[in-house]
Amino acid sequence: MYISDTHLKSFLADAGLVSQKDFDVAEREAKESGRSIGEILVAKSAIGEDELRRTYAYILGIPFVSLSGTKIPFETLSLIPEPVARRNNIVAYNRRGDELEVAMLDTDDLAAIDFIKKKTHLKILSRLTDVASIKYALKEYQQSLKDNLGDVIERETAALLKSAPRGKEGEEEDLRQVAEGVPAVRIVDTLIRHANAQGASDIHIEPMEESLLIRYRIDGILHDAMELPKHAANAITARVKVLANMRLDEHRLPQDGRFGAESGGEKISFRVSVLPTYFGEKIVMRLLRDNISGFTLEAVGFHGIALERMHEAMRGTTGMILATGPTGAGKSTTLYTLLDLVNSPDVNISTIEDPIEYQMTRINQTQVRPEIGFSFANGLRSLVRQDPDIIMVGEIRDKETASLAINAALTGHLVLSTLHTNSAAGAIPRLLDMGVEPFLLVSTLRVIIGQRLVRKLCPEREKHNLTRDEQAQLEKEVDVGAVLRALKEDKIFPKDATWKSVQFSHPKETALCPSGYAGRIGIHEVLPVTATIKELMMKADAGSAIEKQARSEGMLTMSEDGIFKAAQGITTIEEVLRVVTE
């Protein structure tokens, strides 16, 4: 929102909102720093942010609305998905025919307006509002969900009371009838839509003694979403089992399944696990967004020399690339991103996975089925007869799969796979323990990636300079010199920068960003198998020596890459240490 300094000064002076002295000081500082006068006035508390926004609205002739205390119809509010509303500070609050009024903190955000116009096919009328209104409207999403669920649960109770079990003989038929009833369908559908809107990766449905606890995992952390009455458990469990094609009358053994759904115009696959517990069957549903195309290595967190090594490895036509880390570290996303980069008409790409987490066009994806004897090893044997150029093996779990993958890499294929180890260097002794010969590893391994996922800070954050004690403690954890060199090489810091000038951040909890974090990014260590590393691989028990050599050749460890990103304000030191030491 551009307003000339003269116009702003005149209005603020006439209205008596800012003194002449305060304005003159802000004007001088604006010329020196290049920041706007309004921004400086707010920073110096000469005027409130919302008061300044109202002033802009008045001068520009843009209507200003206050939504606090206003009941927004859910069908209008939900025209803008909650993540979009939260990220762009924009809320739909009134619809009249083909016109939609939206309240915004920045009416110059043309990208957000254009997105909503295309999504709703309505004429968008933008209005300025204040932070309190946006906070209130965002709470309305949650309240609307609870109101919606409240009505559903009431009818669910009645349905359950009417459909009392007729004994063991009719149990499956009773449960199927409940599962296909409107209340159960609406409860599960609402939970799925809400979890997707919240950006959850998992939905946990946990039976307690007197209630049913619903929890979402968002950015790697579990959060309580809501509690439902205990008598809703049977209907919800039955509905999920029907969707995932599980046995309804089996309550004593664990079951696994899968189903697909659409939420907010996005196709999602759900991997479902049902586990018997003391108070009933616990359900965990993993949300897998089907379309991952468009990711780049830079977007998932690679940079500098690590990025160069990744691109160099992918230019090869043979050999093996391994991604390592615990479950949930983002290994599959990294491999899918690599596949997307090389997915072109002149290559044949085949995968063998458990499960297929993302569906990708022009890639032949196969799901293993251990229950019928179709394992990674069996699938890999068949894949190499399908004339592939590039093969992805979901995970190397045993000697047979490892041997077949290495043999494929030796015979003219580029093989990508994952391994559960704590570090990149740890992959080598792990493969040797499986019985793989060292000379075969030397011939096939091109690069090994170690990774974790850290939460990213929200735009609003608190700046923080390390104390002497904090700096000394950090120096014990990582090589700060290597981190500083990397920051300078990537031209993030000037060449004359010192570690004392590095400013870190702390999360700032706000209504728009309750935890201070939103989204996740990878921290990586990329170990290239160079000539010197190959020599060390031929020696027994060389894990620590391999890591030391790789670091001397420019590799940043995961901890150091995390501090690199913390120095950029992407995450925090505490978050990096939490993830690396877990």
Spin-label model distance (nm) - D389 vs K135, 7 Å beyond Cα toward Cβ: 5.5 nm
Qualifying trypsin sites (Lys or Arg not before Pro) for the stretch 197-296 [loop in DSSP, other Cβ within 10 Å: at most 11]: R252
Rounded FRET efficiency, nearest 0.05, which uses the C-beta distance separating E553 from D24 and R0 of 60 Å: 0.60
Label-point separation in nm, R578 to K463, each point 7 Å along Cα→Cβ: 2.4 nm
Nearest-0.05 FRET efficiency for Q359 and T317, computed from C-beta distance (R0 30 Å): 0.75
Around Q503: net Lys/Arg minus Asp/Glu count, Cβ-Cβ under 15 Å: +3
Additional length obtainable on full extension of the chain from S544 to T70, 0.36 nm per residue less Cα span: 164.5 nm
Shape call, the stretch 328-424: gyration tensor on alpha carbons, a/c limit 1.5: rounded
Pairwise centroid distance, computed over Cα atoms, of the stretch 441-502 with the stretch 331-376, Å: 33 Å
Where GluC sites (Glu not before Pro) fall in DSSP loop in the stretch 208-252, at most 14 other Cβ within 10 Å: E209, E210, E250
Segment E227-K123, length gained on full extension (0.36 nm per residue, minus Cα span): 33.6 nm
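Among R96, R430, what's the order by accessible area (1.4 angstrom probe), most exposed first?
On the way: R96 115, R430 90 Å².
If we order R96, R430 from most to least accessible, we get R96, R430.
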Accessible area per residue, Å², the stretch 386-457 with all protein chains present, probe 1.4 Å: 35 Å²
Share of carbon and sulfur in the accessible heavy-atom surface of the stretch 373-491 [1.4 Å probe, %]: 44 percent
Approximate spin-label separation H251-E470, in nm, with each point projected 7 Å along Cα-to-Cβ: 5.4 nm
At R0 = 56 Å, FRET efficiency that the Cβ-Cβ distance of T190 and D490 yields, to 0.05: 0.80
10 Å beta-carbon shell around I449, net charge (K/R +1, D/E -1): +1
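The values are calculated or read from the model by the stated rules, or taken from the named source; none is laboratory data. Please read these numbers as outputs of a predicted model, since none were measured by experiment. Cβ sites come from the backbone with ideal geometry, for glycine too, and all protein chains shown count toward neighbours. Accessible surface is based on the protein model in full, side chains and every heavy atom, while ligands, DNA and RNA are left aside. Shrake-Rupley method; radii C 1.70, N 1.55, O 1.52, S 1.80 Å.
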